[in-house]
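The values are calculated or read from the model by the stated rules, or taken from the named source; none is laboratory data. Note that the structure is predicted; figures quoted are calculated from it, not measured. Cβ coordinates were reconstructed from backbone atoms using ideal geometry, including for glycine residues, and neighbour counts include every protein chain displayed. In case anyone asks, the SASA skips ligands and DNA or RNA and just uses the protein heavy atoms, side chains included. Shrake-Rupley method; radii C 1.70, N 1.55, O 1.52, S 1.80 Å.
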Amino acid sequence: MESDDIDGDEADGAGRRSGRQGRGFLKPRRRAAIVVVALGVPSAVAVLASRLLTDFWWFAQVGHADVFWRILVMKTAILVVVGASATLWFAATLRTALRRAAMNVSRRSALFGALTCAAFGCLVGVHAMPQWQTVMLWAYASPFGITDPVHHEDVGYFVFTLPLLEAAANCALTVTWIAVAVAAAAYVISGAVSMAPLRATAVSSTHLAALAALSLAAVACRLWLHSYALEVSTVASPGVTSLPGADYVDVTVRIPALELIAVLTLLCAAMLVVAAGLAARGRGRAAAHVAAWPAAATTTVALLALLVLSPVIQSLVVNPQPVTRERPELLAAIDATRQAWSLTAIRVVHESPRARIPPEALHASGRLAPVQLWDSSVLMQRMRQLTSGTPYFRVGTPTPDFERIRGEKRPVAFAERELDLGQVPGRAAGWADSHMVYTHGLGTLAFSAVQVRSSGEPVRLRLRPLIQPRIYFGNQPPQAAAWVAVNSHRAEADGPGSAGRDRPYHYQGRGGIALSSWIRRAAFALRLSDLGLLVSSDITPRSRIVLQRDVIGRLATLAGFIHWDPVTAAVVSAGRIVFIADGYTTSASYPEAEPARLAGGWVNYARPSVVATVDAFSGQTRLYLSDDRDPIARAWAEAFPGLFRQMTEFPPELRPQLRYPPALFRDQAGLFQRFHVRDPADFASGADVWGYPVSLSGSAAAAGEIRFTSPAPEPGAGLRPAYRLAVPPGHDRTLRLLRTALYTPAGGQNAVAELDGWAGDRGTLRLSVVVFPGSRVIAGPAQISRLMLSMRRVISALRVMNKETTDLGQHSLTTIRLGTPRWLLAGGGVWQVQPLYIDASGNGATRMLAVTVFVDGHVGIGRTVAQAARQAVASP
């Protein structure tokens, strides 16, 4: 009976334990954890899979699946190598700490520790993944053939190797700090280290000292690399006369001090290990001395060199005679900046405009025929008025172009009609309409930049008919839909008033990705967080989803390692609309060079190495390598061998449309204001710094109240670089689209130089600067405009033309506006053409009131350039 009772009790106990375990398994906390794991892990996998699949389909549709795979392999390799190495290091550190602490660990605790180490390792690997571009550039690096003046290393070391070493040092420092934290936590939990009072066993202190020594070694590497980084400027120099890169104090004090501090830090790391060994043997006093003296020496050197000696040398040695002391550094900064921004390739032409222009040049008014009369803002306003009847269209930024009119090149403004639903009220804002009906822009507009109707309005041009006028890929507004589905059950809006009703249209091109299966629809629905893409009955297996419709966004997705100029040129090729974009290979690590903000980021080296074309209808995207001499461009071409085509394959019909990239020219022209000076003394004095001239343009005054004698320039009315159709200085008489910047002395108004950039017959970019003699004063745009507005005949003509509105006083419905002055050299002298517009209030059209021409010190005014030029020439 006793045995039966005992067996019964054991059975009851086992039943109770089993019940408790069963009920414990169903505790709320455990149930929540199970739900999170059961739902979270598959969801995370599904999201990751949708991103990878949709990215692959997009790259494959563009024709560059190899780019996707190469980037994915590089990112995965970094994640695996860095993450696995960090995980193993954390696990080894934790295991060593547990063994030294003689701590018994359960299987559950060991599993938790392993998962913690793996989590930290994954975080480190994920943090290192964005460095794939740095690793890939280093893998395909080549020398620049130029050495820096301080460390005498090839520039390629700074551009390719230094960023990788800095990233590796930062990663190593992070890993060692985490390892110290992991080991310290293990020792605190085991009791080998106590915090109050602070106490540690010999084995734990030795281990922690070794880890701390590794951290100090990583710090030493970082300090050593920072001595190189002092040669690199990451933001623009604050003052006009300041110089980028390393200065005299950097070269003589900071760089040697950093190298010495790095060596002393390594000594501290070694002595820390020795001190830990001595302390473990009971020699605490000796251990303290061994650890303290190197640390004190390192701290003293750092404080004296960086906080005391550096400002003293700056104040007592450099400031009294900065040019003498910093002459080598000034020369290095000037040469490096000119080299990094291709300013050394500028051809210098010295021109001395004549005081009197020869009679035969005066009467050749045809030389003014290519001069632009209509400002781009005026033509864009007229284009917008023409599209006001279709609110879901908007006019893109006009592209400067040229057309042959009676056999001669004449400037025109060309713009595409893009889709923009921001102004469409009502149903167009609905999901189906914004994603399946309003899908594309349509057609182009073009106006002559020189012709004027008898009514004073610009002349609209009828260019060659477009075989395919639809624009699915263009310059999308910020609020544009992220995607559209084409060839669905819904007809697409394809013109004024259509909206899928009057003229049903369905996309029949090859752009976009086929939604041929439910898997694809589900993947895109998950990627885009849009369930309608999956459940909509309007989408069929023949439908296609169009992504990355913005030209720059499309190029940035395909080749994000290229900096793309935000300004694109819309042109017509073979009856189709094509966008041309310029791409730059850049670096922020060029030693001694002045940085500038290019395409959204600060860089101190740039080359226009890539030209891209994007078909507006099909989205066909092609990249052409225009500068294979650039080491960075060569590295990317080797990293992605199928991505770039040679410039010899560039379509011949598009070659005349190539032009100097605007963003690069803006930065080069801005830097050239200072760095045209080669002499260190002149550079340091800032006496020969240039600036942009003032432009007397914009609203002159209220009608009837114009003050002709002293019109004040409007705030911010600087004459910035712009395109013009002209003959390049010192070259043949072929008219080309030039990007031009006119210079005046800083704070002055007289012209001192003119910088021009253009593309040659083979697409080669060229720069030329025309320098005027300093012994003469060459009238600038503002000075000529003031002279023009003070001439009696101009005053009389304006008052006659404006007589009706003068009587209206301050409540005039129209205002006179000065157009942008077109300053140019022609016939050996200075000419200026400046239009006068009359603006109607509200949405009224701007009309040409008159044109003024300045030549040979005289001003003429007329309805056309020819009339104004003849009047100016005939002036006594």
Rounded to the nearest 500, the 222 nm mean residue ellipticity computed for the chain from DSSP H runs (n ≥ 4, each -39500 (n - 2.57)) alone is -13000 deg cm²/dmol
Computing the accessible area with a 1.4 Å probe over protein heavy atoms, can you report the carbon and sulfur percentage for the range 214-337? 71 percent
The range 783-795 - phi-based ³J(HN,Hα) in whole Hz, Karplus 6.51/-1.76/1.60, Gly and Pro as x: 5, 5, 4, 4, 4, 4, 6, 9, 6, 4, 5, 5, 4
Would you work out if the chain is rounded, prolate or oblate? Take a ≥ b ≥ c from the square roots of the eigenvalues of the alpha-carbon gyration tensor; rounded if a/c is under 1.5, else prolate when a/b is larger than b/c, oblate otherwise. oblate
Could you calculate the FRET efficiency of SER618 with ARG720 from 1/(1 + (r/R0)^6), where r is the beta carbon distance between them and R0 is 30 Å, rounded to 0.05? 0.25
In nanometres, what is the gap between the two model label sites at ARG678 and VAL47, each 7 Å from Cα along Cα-to-Cβ? 5.9 nm
Specify whether the C-alpha gyration tensor of the range 62-193 places it in the rounded, prolate or oblate class, a ≥ b ≥ c being the square roots of the eigenvalues: rounded for a/c under 1.5, otherwise prolate if a/b is larger than b/c and oblate if not. oblate
Among DSSP beta bridges whose residues both lie in the chain, state the antiparallel percentage, nearest 5. 90 percent
Considering only protein heavy atoms, what per residue accessible area in square angstrom results for the chain with a 1.4 angstrom probe? 47 Å²
Peptide ranges 682-690, 736-744 listed from the most packed, as the mean C-beta count within 10 angstrom indicates: 736-744, 682-690
Tally up the carbon and sulfur contribution to the accessible surface of the range 533-683 as a whole percent, 1.4 Å probe, everything protein left in place. 50 percent
The chain, relative contact order in percent, only Cα pairs under 8 angstrom and at least six apart counted: 11 percent
Suppose the chain between SER685 and SER454 were pulled fully straight at 0.36 nm per residue; how much longer would it get relative to their current alpha carbon spacing? 77.8 nm
Given the C-alpha centroids of the range 610-628 and the range 438-464, what is the distance between them in whole angstrom? 27 Å
Putting +1 on Lys and Arg Cβ atoms and -1 on Asp and Glu Cβ atoms, find which of GLN133, GLY422, PRO42 reaches farthest to the positive end of the dipole of the chain. GLY422
With the dipole of the chain worked out from charges on the C-beta (+1 for Lys and Arg, -1 for Asp and Glu) around the Cα centre, which of VAL232, SER626, SER205 lies farthest toward the positive end? SER626
Ordering of 90-99, 51-60 by packing [mean C-beta count within 10 Å, highest first]: 90-99, 51-60
Within the under-14-Å Cβ sphere about LEU526, not counting LEU526, Lys/Arg +1 and Asp/Glu -1 give a net charge of +2
What part of the accessible area of the range 400-462, given as a whole %, is carbon or sulfur when the probe is 1.4 angstrom? 45 percent
Label the range 87-129 by shape, choosing from rounded, prolate and oblate, from the square roots a ≥ b ≥ c of the eigenvalues of the Cα gyration tensor; if a/c is under 1.5 it is rounded, and otherwise prolate applies when a/b is larger than b/c, oblate when it is not. oblate
GLN321 label point, 7 Å along Cα→Cβ, cut-off 19 Å on backbone N: hits in the range 676-697? 680-685
What net charge do the residues around TRP564 carry, taking every other residue with its C-beta under 13 Å from that of TRP564, with Lys and Arg at +1 and Asp and Glu at -1? -2
Just to confirm a number: summing +1 for Lys and Arg and -1 for Asp and Glu over residues other than VAL452 whose beta-carbon lies under 10 angstrom from that of VAL452, what do you get? +2
Just to check I understand the Karplus step: with θ = phi - 60° and J = 6.51 cos²θ - 1.76 cosθ + 1.60, what whole-Hz values come out for the range 504-520, glycine and proline as x? x, 9, 10, 4, 10, x, 9, x, x, 10, 5, 8, 7, 8, 5, 5, 5
Is there a quick way to get the dipole size of the chain? I mean about its Cα centre, with the Cβ of Lys and Arg at +1 and of Asp and Glu at -1; what is the value in debye to the nearest 20? 1580 debye
